[in-house]
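Enquirer: Quick one: the structure is below, and I'll ask about it shortly.
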Amino acid sequence: MKESDFEEFIRSQTVLAKASIVPEIELYLATEITPLWQITEERLKGGNLPPPYWAFAWPGGQALARYALDHPEEIKDKRVLDFGAGGGIAAIAAAKAGAKAALADDIDLLAQAAIRMNAAHNNVKVDIHRVMDMDNAIKKVDLIFAGDVCYQQAMSAIVSRWLYLCVAEGVRVLIADPGRAYVPTEGMKEIARYEVPTSRDLEDRDSRTVIISELSVPE
């Protein structure tokens, strides 16, 4: 499937809407998850695409985006990676806050298309930067945003180990957690928290308290 097909699909299945606590950013977002999930499976059969997480402004990503816009002095002239970026809201915020480079990582090809479309709509440049090697610290990145990436045990163990490796090599890591089960417990220093409205389609409550923590290597 061509990139133009992905873009057509995204435009046909989403609406442009502002993220709840980041009104400065408008994204291609789904209004309901179940129909989009079904349509993704039906229309894109054989593409090995993950569920359409890219179509929602998840609490962790929103919190990181809000933090970036509120603290541009921490972002300016930095190379910032939005890990597990989904629709790329945190990367877009980093670009708006003056990042030297705003990078976004997501394995989903539809997510990558959505990131490009969302960045263009917000008049910023975001580069897709896939993290292929999680056995070693990333290079040429100053700051990693990890928003809501600790919801599955096996994956969280791999991601946490990699983030600790990055911190050990001097990369700053900010983790935004809305109360998932497998967030790291060691080396976490809270630096901000936000109350983020959520959808009952996605969560079991109407809002999530998202804690942003800076990661350090446990002693």
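Enquirer: Nearest 10 degrees is fine. How inclined is helix 3-13 to the longest principal axis of the chain, computing both from alpha carbons?
Expert: 80 degrees
Enquirer: Kirkwood hydrodynamic radius, computed over distinct alpha-carbon pairs, for the chain: how many Å, to one decimal?
Expert: One decimal place: 17.3 Å for the Kirkwood radius.
Enquirer: Helix-derived [θ] at 222 nm for the chain: sum -39500 (n - 2.57) over DSSP H runs of at least 4, divide by residue count, nearest 500? Show your work: numbers first, answer last.
Expert: On the way: 6 runs with 71 residues, N = 219.
That calculation yields -10000 deg cm²/dmol at 222 nm.
Enquirer: Okay, next question. Can you compute the charge dipole magnitude of the chain about its Cα centre, using +1 on each Lys and Arg Cβ and -1 on each Asp and Glu Cβ, nothing else charged? Give it in debye, rounded to the nearest 20.
Expert: Computed about the Cα centre, the dipole is about 360 debye.
Enquirer: Ignoring ligands, DNA and RNA, what percent of the accessible area of the chain is carbon or sulfur (1.4 Å)?
Expert: Carbon with sulfur: 49 percent of the solvent-accessible area.
Enquirer: Tally the DSSP beta bridges in the chain and give the antiparallel ones as a percent, rounded to 5.
Expert: 55 percent
Enquirer: Please report the net charge: other residues with Cβ closer than 9 Å to the Cβ of GLY86, K and R +1, D and E -1.
Expert: -4
Enquirer: Kirkwood Rh, Cα Rg: Rg to Rh for segment 112-197?
Expert: My calculation puts Rg/Rh at 0.98.
Enquirer: Same structure, new question: Rounded to whole Å and ordered largest first, report the semi-axes of the equivalent ellipsoid of segment 154-219 derived from its Cα gyration tensor (root of 5λ).
Expert: On the way: eigenvalues 125, 36, 15 Å².
Largest first, segment 154-219 gives 25, 13, 9 Å.
The values are calculated or read from the model by the stated rules, or taken from the named source; none is laboratory data. As the structure is a prediction and not an experimental result, all values here were calculated from the model. Because the Cβ atoms are built from the backbone with ideal geometry, glycine has one as well, and the counts that use them run over all protein chains shown. Surface areas here come from the heavy atoms of the whole protein model, side chains and all, with no ligands, DNA or RNA. Shrake-Rupley method; radii C 1.70, N 1.55, O 1.52, S 1.80 Å.
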